[in-house]
Amino acid sequence: MSRASDRAYNHIRNMILSGELSSGEQIREEALADLCGVSRTPVRDALRRLEAELFIRRNESQRSFVADWSLDDLEESFQLRAMLEAYAARRAASRITWDQLARLRSHNDAIRQAITVSAPDIPKFLDHNRQFHAIVLEAAGSERLSGMLAQVTEQPVVLRTARQYDMENLKRSHYEHDELIIAFDHRDGEWAAAVMTGHIRRAFHAYAAAHSSDTEINRTDEAA
């Protein structure tokens, strides 16, 4: 696949995962080509790939639509992520270095600074949250695990989840990171895995609430 097709694929996929393209919405090649900055041929290549991955469906007249990702589909994705990240935390607990622990503390301090203001800095929160989780994975020391997690951790989903967080959820995320650091300090893999599992499950419920809200809005619009 060409670079243009890859660019179109990544752009359209991110739009679907972030909710910018909603379930059931018709895909218009010309509009997407303009958005992606490519011709229609790379868009067609990208759509074929997305159809094979069940992000796109075609009707009998060969028109393309965004497939409906049910809440069960989303929960399965979060469950897989929770299993893998919990395993990463368990491995990291016995392997993490003092330098990695110091970096975790630094990023979590930055997260605290981002959320303890009148208007939380969500981009800053997301950046340091991503780096925090990357260090845990680095400490786990498994290329295979890194590859598997890359397939189930979607940054647009993470972004959309964070946007649903109220102040309580933002603070709880920070506290859970603190507890992970304490578990790592004690080299307690089971504790670290349990904290990470709860951390990801809470993220799922924030995303699920947003998904249910969007579904209800779409139904209301259709009925109007």
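The values are calculated or read from the model by the stated rules, or taken from the named source; none is laboratory data. Model, not experiment: these values are computed from the prediction. Glycine gets a Cβ as well: all are built from the backbone with ideal geometry, and neighbour counts include every protein chain shown. The protein model used for the area step is the full one, side chains on, heavy atoms only, and it has no ligands, DNA or RNA in it. Shrake-Rupley method; radii C 1.70, N 1.55, O 1.52, S 1.80 Å.
Values for this structure:
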quantity: Folded to 0 to 90 degrees: helix 71-95 orientation relative to the chain principal axis, Cα; calculated: 30
quantity: Exposure rule at most 12 other beta-carbon atoms within 10 Å, DSSP loop GluC sites (Glu not before Pro): the chain longest free segment; calculated: 61-224
quantity: Restricting region 1-40 to trypsin sites (Lys or Arg not before Pro) in coil, as DSSP defines it, with at most 16 other Cβ within 10 Å; calculated: Arg28
quantity: Value of D in µm² per second that Stokes-Einstein yields for the chain, Kirkwood Rh from Cα pairs, at 10 °C (1.306 mPa s); calculated: 83
quantity: Accessible surface of the chain, 1.4 Å probe, proportion on carbon and sulfur as whole %; calculated: 49
quantity: Trypsin sites (Lys or Arg not before Pro) within region 49-90, DSSP loop, no more than 16 other Cβ atoms inside 10 Å; calculated: Arg63
quantity: Between 0 and 90°, nearest 10: helix 98-115 axis offset from the chain longest Cα axis; calculated: 60
quantity: Probe 1.4 Å, accessible area per residue of the chain, Å²; calculated: 54
quantity: Between helix 143-152 and the chain: long-axis angle, C-alpha atoms, 0 to 90°, nearest 10; calculated: 50
